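Just below is one structure, and these are the notes that go with it.
Read-outs throughout are calculated quantities, based only on the coordinates presented, and are distinct from any laboratory measurement. Model, not experiment: these values are computed from the prediction. Don't worry about glycine lacking a Cβ; one is built from the backbone with ideal geometry, like all the others, and counts go over all protein chains shown.
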Amino acid sequence: MKVTILSKEVIIPSNATPSNLKTYKLSYIDQQIHHHHIPFILYYSYDASITTISQSKMTTKLKTSLSKTLTHFYPLAGRLTNNQNAIDCTDEGVQFSVARVECNLMTIITTPVIEELKQLVLIGSSSSSSCVEEQQVAIQVNLFDCGGIAVGVSMSHRVADACSFSSFVSHWFAIAKGPESPLTGPGLDSAVLFPPVDSYEYSGRGPPVGNPFKKLVTKRFVFSSLAIKELKHKVVKADTTLVGLNPTRVEVVTALIWKCMATVSSCKDSVAFHVVNFRRKMVPSLKDQQFGNLFQMASAVAHETTDMGYLVGKLRGSFRKIDGEYLKSLIGENGVEIARDNFREIKKYISQKGLGVFRFSSWCRFSVNESDFGWGKPVWISGTDYNNENSIMLMDSSSDDGIEAWVVLSEDKMHKLEQDTELQTFVTF
């Protein structure tokens, strides 16, 4: 796959940010996150029955609507302060590049070479430092010979989680489609609920992301909706206590991958961490458009991993601990230590010898899957290769109710995982 950059420019907000909004405070949860970017790519095939708009006009529409979107999401056009506890909302803008890709878009979708996908984004998950990386968002629009396009979006995890990413993209495509599209502005006051700590030493206390000196491999495992249905049946049949509880697709897919990864890692005891978006769990609940990092890590410890029902029960129990009462304790200055303990727990398990530690996150059911800029919904959404060992990202597949699991492992363990006969029963590669 040959990718050639055709143009680069900086897109600034269509309206200047008012002086009273020039400083955007990060919440104490944001402060826990290391400054690294999460790249995602939205792929659009060319369909003349939906639109006859040219790639050139598509690019212009994306730039114009992005400028308007940044007026509402003005922190994304700013830069982190020197102590990295706030953003100077100076409207410096975001990098916007256009590239030509010399291949057919459907070739990438049907037979993706994951390590090549990083060419479709400006900032990867493990890029080296540059002035572009100082930006909160970077966009690369990729034009394919077949008429299709892929929009690569890289967003700093320091300022936004998956739900915030989805909210930004949803706002962007709604503006692109026109005034008839309903808009809900972002909630940019998360620091009021979770006030920042005025100490640089507090920042970045979460576990670091990736090991640049270790060779890791990212692979995609696809669970069809039928395979997930069969997996649910297998889990309930094996554990009668789950009858009537209807395990979710995320629970059963997580449990199977957890079981198989523990096997290839040769560990009897293991822990599965799962990112839990707590917006709707708050009392009263927060809207999905509340911006920032609004999550906690659920941790499920297993002393044996052969029973799928047992693992599903462990997962469900860990999710339930992050309830309204727990989240109430996070609000205000006194919540800092409780939230800090949540991250400390991850570090404690990572440092424990002989324990398998697996980190899951789910992008399923987010509105980014509906991102129609005026030429149809994406035919596929992907990440790139990641540099975070033993991490698993779950995303909706292009088929109804299927799940793609993007797994990061060392080369030897990945080879063993691909040979796991139970996993092979439920996935395609």
> In what sequence, highest mean first, do 139-149, 410-420 appear when ranked by Cβ atoms within 10 angstrom?
Replying inline: 139-149, 410-420
>> Using a Gaussian network model on the chain with a 10 Å cutoff between Cα atoms, which of Asp269, Asp161, Asp88 fluctuates the most?
In response: Asp269
>> Using 0.36 nm times the number of residues separating Val10 and Gln352, minus their current alpha carbon distance, what extension gain do you get?
In response: 118.6 nm
> Sorted by mean Cβ packing within 10 Å, highest first, what order do the peptides 277-283, 222-228, 386-392 take?
Replying inline: 386-392, 222-228, 277-283
> Seen from all sides and averaged, what is the projected area of the convex hull of the Cα atoms in the chain, in nm²?
Replying inline: 20.6
> Of Gln55, Gln352, Gln31, which has the largest mean-square fluctuation in a 10 Å C-alpha GNM of the chain?
Replying inline: Gln352
> Counting each DSSP H run of 4 or more residues in the chain as -39500 (n - 2.57), what helix-only mean residue ellipticity at 222 nm follows after dividing by all residues, to the nearest 500 deg cm²/dmol?
Replying inline: -9000 deg cm²/dmol
> Nearest-5 percent of antiparallel DSSP beta bridges in the chain?
Replying inline: 75
>> Cut-off under 29 Å on the C-alpha distance; same-chain residues fewer than 8 positions from Lys328 excluded. Which lysines are left, in chain and number order?
In response: Lys25, Lys281, Lys287, Lys314, Lys347, Lys348
> Where the only charges are on Cβ atoms (+1 Lys, Arg; -1 Asp, Glu), what is the dipole of the chain about its Cα centre, to the nearest 20 debye?
Replying inline: 340
> Residue separation times 0.36 nm, minus the C-alpha to C-alpha distance between Glu115 and Phe429: what's the value?
Replying inline: 111.5 nm
>> Can you sort Cys364, Cys163 from fewest to most other Cβ atoms within 10 Å of each residue's own Cβ?
In response: Cys364, Cys163
> Comparing His34, His303, His171, which has the greatest mean-square fluctuation in the GNM of the chain with Cα pairs linked when under 10 Å apart?
Replying inline: His303
>> What's the magnitude of the charge dipole for region 244-360 around its Cα centre, counting Lys and Arg as +1 and Asp and Glu as -1 at the beta-carbon? Answer in Debye, nearest 20.
In response: 160
>> To the nearest 20 Debye, how big is the dipole of region 3-202 about its Cα centre, given +1 on the beta carbon of each Lys and Arg and -1 on that of each Asp and Glu?
In response: 480
